[in-house]
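Okay, so here's the structure we're looking at.
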Amino acid sequence: MAPYILVVEDEDALATLLQYNLEKDGYRVALAGDGEEALVTVDEKLPDLIVLDWMLPKVSGIEVCRRLRGRAETRNVPIVMLTARGEETDRVRGLDTGADDYIVKPFSTTELSARIRAVLRRIRPGLADDRIRQGDIVIDRVAHRVKRGGREVHLGPTEFRLLDYLMQHPGRVFSREQLLDAVWGSDVYVEARTVDVHIGRLRKALNVDDEADPIRTVRSAGYALDIEA
Ligand code: CA
């Protein structure tokens, strides 16, 4: 699954340019033109990263940042702030805005791409890399292969995406609805118990002989991937 980036920018031309370039880099992109729209869009689907302009109509970038940092669900979303030269740059740099990085306008799209990759790698290592390892499980996204303890694990495409998603967030419990949204997509109608079927298949493929089951079922809550270090 390509990382999902929300770009919050009120200058249409810049927003369109950023969307074009980020999509070319392989990201999925949503746009919001002001702070209010940004907060609504974040509530609809949690982005993997937010590119946030400092000066925005309705709710300012700094206020959006403050509100996102104040809520448990959005506290850890990486934020890259955009500022104009001279425009509050010292405050962005000096104050605790809660942003993970900032970039001063005008900037090149290459520079922004590099910053985004760096932030993702630092905060969500699973998203920026072609390979992720958790415990004895390794996913190779380029070759589309999974290994457990050196043994090849054969997975269907849905089980592959499910494992990939769980491995990006080890230890975190996801509801069936959250998994449906992340793995199947929010525009697809699938029953929640479909998740149980695919978790069952994933377990069957991953766990042979006496291997410990890395997937934890949390009663009436959902599933989590637990990997001992
Ligand atoms: Ca602006």
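Data overview
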item	result
Square roots of five times the Cα gyration tensor eigenvalues for the chain, Å	36, 18, 16
Gain in span if fully extended, ASP101 to VAL173, counting 0.36 nm per residue against the direct Cα distance	23.1 nm
Highest-fluctuation residue, ARG172, ARG219, ARG133 considered, GNM on the chain with Cα pairs under 10 Å	ARG219
Segments 139-152, 31-44, 67-80 sorted - mean Cβ within 10 Å per residue, highest first	31-44, 67-80, 139-152
Under 23 Å, Cα to Cα: Lys pairs in the chain, sequence gap 8 or more or different chains	5
Alpha carbon convex hull of segment 98-179, volume per residue in cubic angstrom	141 Å³
Potential extension, ALA84-GLU63 segment - 0.36 nm per residue separation minus Cα distance	5.9 nm
Distance between segment 54-68 and segment 143-168 - C-alpha centres, whole angstrom	39 Å
The chain: calculated mean residue ellipticity at 222 nm from DSSP helix runs of at least 4, using -39500 (n - 2.57)	-11000 deg cm²/dmol
Computed E for ASP210/LYS147 - FRET, C-beta separation, R0 22 angstrom, nearest 0.05	0.75
Alpha carbon convex hull of segment 130-225, projected area averaged over orientations, nm²	6.1 nm²
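Each value in this text was obtained by applying a stated rule to the coordinates, not by laboratory testing. Every value quoted in this text rests on a predicted model; they were computed, and no experiment measured them. In this analysis, Cβ positions are derived from the backbone assuming ideal geometry, glycine residues included, and neighbour counts consider all displayed protein chains.
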